[in-house]
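Quick notes on the structure that follows.
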């Protein structure tokens, strides 16, 4: 591996730089674009940047899952809702009903950023390990390492997440369902007719 | 060991701050939601970085669970948003302040 | 493991080879698309007992090229209400994933050029199959944003349909792919192909017991918005679907992407279920035979797609959703469980098989009950009420008439 | 067989448990019979236990039965259990016996009452409590019974709670008892503090650990409890008012249960009194004064039950006097005989009241001897007995007390002797007014008067009511036989109780001649009282000169209490409610409320309802937390 490290440094650095720029640009785009659909697109950009960074950090499986789940499902859902509700009109960023909010928010954001950056420079006790095991087993693929940890050590949390997902699905169905009571049905129909 | 971990962490911090500020200054509920996703992603990035730094797959596991929870959260959150805005026009968070003191 | 190209670090030659691979694959794909369009028109014409394109070039072979040139020089229309950036972006968002998916398809074996051994495959990422799933889920955006950005009603409806359809069938597709992964123990496409190479009996379609293949096929067809799942562009309802407002070169890009996607999906099916470039080889030009086999198998699927388009009518939207959610996903899930159980133990396998049968029966019953309830609800609330009101009017009229008669 | 002792309190408790939920459904006569039979079963059990205890050698006549650990806190371990010894068993014996008769009588007496089952439910609980009190193996068990008796007395005195006088009489009983209970509780605390136990036997074994001042304090505090429960000076007025309850209740309270509890307690703690003679003297003096006071008041009362009530107070004073001078056997002996003739008197009075349609004024009676012969005869027996007519039970028991008191203090003896004369006198007056002379009730209650009563037709009641009268009359006549003086072989009761009280018993050691002399004196005193009553009241109805107002008003003591305590308390309560409660407490509460309201009004603005503001708060918190972490790590 000796010479490989040196050889791989430049491409890695270049990849990181590009991905970082994409990520940050996307994030700023989410915050600054006036149209929610554009914001969603910018979010996808960020997600891809993060996925690339995941690959850079030997988390290929999570990179793929990131794209599948986030880009493929979550943002699609966002877009769906935007289109369904017809809320894709522009939001005026200049007008702010709560004047202090924006400046305090910006101040807090900069302050928090500065703090985290300072903290990331600090020396951290990086010796603590979880019970999960190592990322780079001898000749093992990322997905098998992850899978083993997930289905042995973290079996119970994993099962609980399945329950969580079921609950979420049921909750979403209940929330999104139109109430089918005799009284409101007519009103709703009426409202629908007006909408379209 | 190519790019130092502090770079990743700084990027993560930047992402988090942008997300947080976005959450605070945007009024569109959906965009606010997206900003929450940004923050989650920054946390994920930090997790992965530490996982690599410590050679510990626990960080990746955490990210996995964050992804699952994020999916569930978005599903329910969007359900709520749809339920609320079925009766209203705009998607502005400031319109919903019935619960004020 | 991995492409032997990168085994000795990344040099200039390696970089050049990689770029050349990309360019070659792209060029081949473009040509294949052109031919594919021509073939579709020709085959369908034959099936419908007409001649089809026959003017440009021999047998009309250059018809597609001519169409392309024509489209390229047409006026580029941009609707007034459109979202300019997204409107321009959308066609590329459909095209790029289609091409990218193809990059993970192993076209042939390894070759050796200028002392650089490399695989006949643009890239072999360790998460190859997940890459496929990721990109196929991303490909939703193209049609979705195209419809939305047009700022027009029909394209929007078409795009919402398209994205709903794609999301619905993605789950079934992923589960079908998972069956293959379960059998072959790997996510890399090359390794999957290698695992199937021993004999025909090791092909995925037989190893996984044909059902995942069928599911994948149906799901892929739906993902492609090919007939009989082409509701996105149901002309009667939606004019031209999400690309109604598109014209000239952007429209061409959509068209290109659709056919490229078709080729890509056929190639993926070949890779996953039919051993990819696997087949009997000969000593004469050994690297050619796998390519030939691969192309031949892919061609069969392409032909079948055209055939289906000519043969089958379009589904209704609710039928589409029912098929996706109530048939394919439970079936794929159950089959995956059964395969997994058989990998553990035969006893477990049969037990799970029985359990899945029971679950299927329960599911079918619950679906039936739900349908009946909805029917009753509809009768009592909507149509039923109207019918009753009409009847009452009739009765009242009758009574009035009889009164009149009595008065007379 | 002695192990069946736990059944003694259990039977009446069972009756309560049955009647409480089901009484109304069981209905009128049956509920009474169930209650009566259960108490009778308890009586039979007591006899059985008595026989087996008597079969033991005198030294071993003590049996402790621990049921379970009631509660256990640090050093304090209280067991639920009973102590069966001659003293407690004697008490149990007459409690169950007399209670059985009263139960039986009540079936007839309460016949027409709408709350018949409830009455028997209370009676059963009353008896059960009394038995727990008597048999309790430690102070806490006794206290449990003590409180149970108190509560039941409240229920029963205020049984006809729709009458304001009954309701207030119940409250009065409760309040006076509470004062005594406080003394009992404090005594228990002190005992536990000094000996580390509340078990009778343990405590008595460790008395050496306690200094005399503490012993005196304990004894006096317990005596305070006894004063409350047994209606001695100064806590006696409740007993007179307790006549508001149904007459069988009065009989039960006066004869068998409740008021005797105090005397029992004094006898129970005889080792303590023995070591604290100052306290014992207080007991004796208070007893003597109460006896005299009660007797004088009884001389001027007109209400038949009031006469009997003050008579009880007076007799209880005798018992305390005996206990105070260390003559515990005499106290118990008097208590026993008193239980017989006082129960008889009350039941007889009840019969009269019943026959007179709830008329209680003796001045409105007279001449009932002819129409109610059994009642009249038994009442007369009781009168003669309590008055100390020679050879009747009261003669022996009262003589015993007086003999012992004389050995202790001749002054107290004179007081006692005077009281004895008065006792024979005022009950004679009562008898004369009720049973002899002219029948004043015919003209006093003409038909169709305002009260809606018809012409009275008094006669002896049914057998369920007369049977107890006869039985009790028999007992009143021959009850003295259990402890005749003159010869050591005759003193059954004394020998029986010897294991419990023997070592602390005061014994004047009189020769037979002196005893005979005392007996003669007693007989003379009794006959004098009887003769006085006979001559003064045989024909007369009103003699204001010997019925002075201050006696009729009971020395104005109750009146004084009312003025001194009740009125001042009311005034103080008024001050409290207007000044302290309205201004200070309400002010504090309202002040706190207004502080929160004001601060809430200010803080309320933080809750804007805007999600983004809340998010801003969270963010600020996160930044602060990070800053804290930063100060901890970067150095």
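Cut-off 18 Å, label point 7 angstrom out along Cα-to-Cβ of residue D:202: give me the residues of segment D:154-187 whose amide nitrogen falls inside.
D:187
Whole angstrom only: what separates the Cα centroid of segment D:21-73 from the Cα centroid of segment D:232-255?
25
So how tilted is helix C:140-149 from the main axis of chain C? Cα-based, degrees 0 to 90, rounded to 10.
On a 0 to 90 degree scale, this one is about 50.
With r as the distance between the Cβ atoms of residue C:304 and residue C:49 and R0 = 22 Å, compute the FRET efficiency 1/(1 + (r/R0)^6) and round to 0.05.
Details: r = 20 Å, r/R0 = 0.92.
Taking R0 as 22 Å, the efficiency between residue C:49 and residue C:304 is 0.65.
Cβ neighbours within 10 Å, averaged per peptide: list D:305-315, B:10-20 in order, most packed at the top.
With the highest mean Cβ count within 10 Å placed first, the list reads D:305-315, B:10-20.
Nearest 10 degrees is fine. How inclined is helix D:86-109 to the longest principal axis of chain D, computing both from alpha carbons?
80
Could you tell me the relative contact order of chain C? Use alpha-carbon pairs under 8 Å, at least six residues apart, and round to a whole percent. Don't skip to the end; give the middle numbers.
Numbers: 533 pairs, mean separation 74.9, N = 408.
Dividing the mean separation by the residue count of chain C yields 18 percent.
Determine the shielding of peptide C:179-189 by partner chains: average, over its residues, the number of Cβ atoms on other chains within 10 angstrom of each Cβ.
1
If we sort A:101-113, D:237-249 on the protection proxy, mean other Cβ atoms within 10 Å, highest first, what's the order? Please report the intermediate quantities before stating the final value.
Values: A:101-113: 17.8, D:237-249: 25.5.
Result, highest mean Cβ count within 10 Å first: D:237-249, A:101-113.
In whole angstrom, note down how far apart the Cα centers of segment A:146-166 and segment D:102-136 are.
70
Would you list A:148, C:74, D:172, D:583 from fewest to most Cβ contacts within 10 Å? It would help to have the intermediate numbers written out before the result.
On the way: A:148 16, C:74 13, D:172 23, D:583 10.
Fewest-to-most Cβ neighbours within 10 Å comes out as D:583, C:74, A:148, D:172.
For a Förster distance of 45 Å, can you work out the FRET efficiency between the beta-carbons of residue D:503 and residue D:168, rounded to the nearest 0.05?
Here the calculated transfer efficiency is 0.50.
Please arrange D:188, D:91 by how many other C-beta atoms lie within 10 Å of their C-beta, fewest to most.
Working: D:188 21, D:91 28.
Neighbour counts put them in this order, fewest first: D:188, D:91.
How many percent of all Cα-Cα pairs in chain D sit more than 37 Å apart?
Values: 78559 of 201295 pairs.
Tail of P(r) above 37 Å: 39 percent of Cα pairs.
In degrees, nearest 10, range 0 to 90: what is the angle between the Cα axis of helix D:586-603 and the longest Cα principal axis of chain D?
On a 0 to 90 degree scale, this one is about 20.
If you bin the C-alpha pair distances of the protein assembly as shown every 20 Å from 0, what whole percents do you get?
8, 25, 15, 10, 18, 16, 6, 1, 0
For segment B:5-100, what is the relative contact order in percent, using Cα pairs closer than 8 Å and at least 6 residues apart in sequence?
Details: 73 pairs, mean separation 27.5, N = 96.
Taking the mean separation of contacting Cα pairs over the length of segment B:5-100, I get 29 percent.
For segment D:1-56, what ratio Rg/Rh do Cα atoms give with a Kirkwood hydrodynamic radius?
Numbers: Rg = 13.4 Å, Rh = 11.9 Å.
Checking Rg against Rh, the ratio lands at 1.12.
If you find the alpha carbon centre of segment D:583-635 and of segment C:261-312, how far apart are they in angstrom?
69
What FRET efficiency do you get for residue D:56 and residue D:474 if R0 is 25 Å and r is their Cβ-Cβ distance, rounded to the nearest 0.05? Write out the running numbers ahead of the final one.
Numbers: r = 29 Å, r/R0 = 1.17.
Efficiency computed from Cβ-Cβ geometry: 0.30.
For a distance above 20 Å, tell me the whole-number percent of Cα pairs in segment A:1-89 that qualify.
Values: 1721 of 3916 pairs.
That fraction is 44 percent.
Tell me the Kirkwood radius of segment B:5-100: reciprocal of the mean inverse pair distance over distinct alpha-carbon atoms, in Å. All intermediate terms of the calculation are to be shown ahead of the outcome.
Working: mean 1/r = 0.0676 Å⁻¹.
Across segment B:5-100, the inverse of the average 1/r is 14.8 Å.
Taking each residue of A:162-171 in turn, how many C-beta atoms of other protein chains fall within 10 Å of its C-beta, and what is the average?
Values: counts 1, 0, 7, 5, 1, 3, 10, 4, 1, 5.
Mean partner-chain Cβ count within 10 Å for A:162-171: 4.
Using a basic spin-label model with each label point 7 Å from the Cα along Cα→Cβ, how many nm lie between residue C:117 and residue A:165?
If labels sit at residue C:117 and residue A:165, their model points lie 4.0 nm apart.
Tell me what chain C gives for mean residue ellipticity at 222 nm when only DSSP H runs of n ≥ 4 count, each as -39,500 (n - 2.57), the sum divided by the residue total, rounded to 500 deg cm²/dmol. Don't jump to the answer; show the numbers that get you there.
Details: 16 runs with 280 residues, N = 408.
Counting only the DSSP helices, I get -23000 deg cm²/dmol.
Within 10 Å of each residue's Cβ, count the other Cβ atoms and sort C:183, D:193 from fewest upward. Please report the intermediate quantities before stating the final value.
Values: C:183 20, D:193 10.
Arranged by neighbour count, lowest to highest, C:183, D:193 become D:193, C:183.
Can you pull the mean other chain C-beta count within 10 Å for peptide D:618-628? Please report the intermediate quantities before stating the final value.
Numbers: counts 3, 11, 6, 1, 5, 11, 4, 2, 8, 5, 1.
For peptide D:618-628, the averaged partner shielding equals 5.
Values quoted throughout were computed directly from the atomic coordinates according to the rules given, and no laboratory measurement underlies them. If you're wondering where the values come from, they're calculated on a predicted model, not measured in any experiment. Quick reminder, even Gly has a Cβ in these numbers, built from the backbone with ideal geometry, and neighbours come from all protein chains shown.
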